[in-house]
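First up is the structure itself, then whatever we jot down about it.
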Amino acid sequence: MVDRIPVYYSVGHLCIPGGDSRKPWGKYLIALNKITKDRYLPTGPELCHAAQLIDITGDKMKMLLDFPTVGEPHYAQAIPAEILMKRSAKIFKLEENQHPYATKSEKEARVERKGNEVHIYMTAIRSHFTPDNIEGVKVGDKVYFHVTNLEQDWDIPHGFAIIGADNAELLVMPGQTKTLLWKPEKPGVYPFYCTDFCSALHQEMQGYIRVSPRNANVKISYGTYKEGESGQ
């Protein structure tokens, strides 16, 4: 026994950067602790557990950082940041997006009906969706939101969610397209919104879709709100 150091409370697993490789980096150790839910204030149904970063380079270990982790820790892997940094993409080119439902400019954004399917070709960029005001959807339709993130800078993802969806929201990375299926069950006006903080105007990044009764004769129409202008 060379040294001991207290952690809080029960160590579940230990992580050393590169621990699964031939040449681990032996400078740091991370204690992934269990039964630690009471160490942090609750911020929702998922409670945080504790992890602690320890310097193991000297004769005596030294606690460097005590921080929360989401969910009960079972295992983690770590590597030096410089290995990732020089290989990290910074720009995601829209022209490389080969998704069949990609919308690569706001001019291409549109809404199309195919029988009881409605396909919404939508773009997201700080801080609005295009289109963000949609009518002509009916109860019983299958509505496909094909959302393309027009951002190309690596740190600007956008989220997408709509009230009444049975599945999770989308997280659309820069230059990427993802699709969410939504099946409205009753008439009304339903909001959709960005679920990933993207800018100072994040809370304004939202829109509305009006759902009419199944037997209504309402044509598809859509537009994007702009100050001083009307939608199409």
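Worth a mention:
- Label assignment, percent of Cα pairs over 29 Å apart derived from the structure, set (i) 49; (ii) 18; (iii) 28: (i)
- Note on the chain: antiparallel DSSP beta bridges, both residues inside, total approximately 80 percent of the bridges counted.
- Each residue of region 3-10 was assigned a 3J(HN,Hα) from its phi angle through the Karplus expression (A = 6.51, B = -1.76, C = 1.60, θ = phi - 60°), giving 7, 9, 8, x, 10, 10, 10, 9 Hz with x at Gly and Pro.
- Calculated FRET value between Thr179 and Glu96, using beta carbons and R₀ = 22 Å, to 0.05: 0.75
- Calculated FRET efficiency for the pair Glu108/Ala216, C-beta based, R₀ 25 Å, to 0.05: 0.35
- Between Asp153 and Ser88, the contour length at 0.36 nm per residue exceeds the alpha carbon distance by 22.2 nm.
- For Gly115, neighbours were defined as the other residues whose beta-carbon sits under 13 Å from its Cβ, and their charges (Lys and Arg +1, Asp and Glu -1) total +1.
- Candidate aspartates and glutamates - alpha carbon under 12 Å from Lys219, same-chain residues fewer than 8 apart omitted: Glu112, Glu135
- GNM flexibility winner over the chain from Val137, Val11, Val118 (Cα, springs under 10 Å): Val11
- Structure remark: mean-square fluctuation, Gaussian network model of the chain, C-alpha springs under 10 Å; the largest value among Glu95, Glu72, Glu185 belongs to Glu72.
- Extension reserve of the Lys23-Ser10 stretch, reckoned as 0.36 nm per residue once the Cα distance is removed: 1.9 nm
- Qualifying chymotrypsin sites (Phe, Trp or Tyr not before Pro) for region 111-215 [loop in DSSP, other Cβ within 10 Å: at most 15]: Trp154, Phe197
- Computed helical MRE - 222 nm, the chain, DSSP H runs ≥ 4 contributing -39500 (n - 2.57), nearest 500: -500 deg cm²/dmol
- Listed residues Met63, Met205, Met173, most fluctuating in the chain (Gaussian network, C-alpha, under 10 Å): Met63
- A dipole drawn for the chain from +1 and -1 charges on Cβ atoms has a positive end, and of Thr179, Met63, Met122 the residue lying farthest that way is Thr179.
- The gain in end-to-end length when the Ile79 to Ile54 segment is fully stretched comes to 7.5 nm, 0.36 nm per residue minus the alpha carbon separation.
FYI, it's all coordinate maths here, none of it is from the lab. Owing to the predicted nature of the structure, the values given are computational and were not obtained by experimental measurement. With ideal geometry, Cβ positions are generated from the backbone for all residues, glycine too; neighbour counts draw on all protein chains shown.
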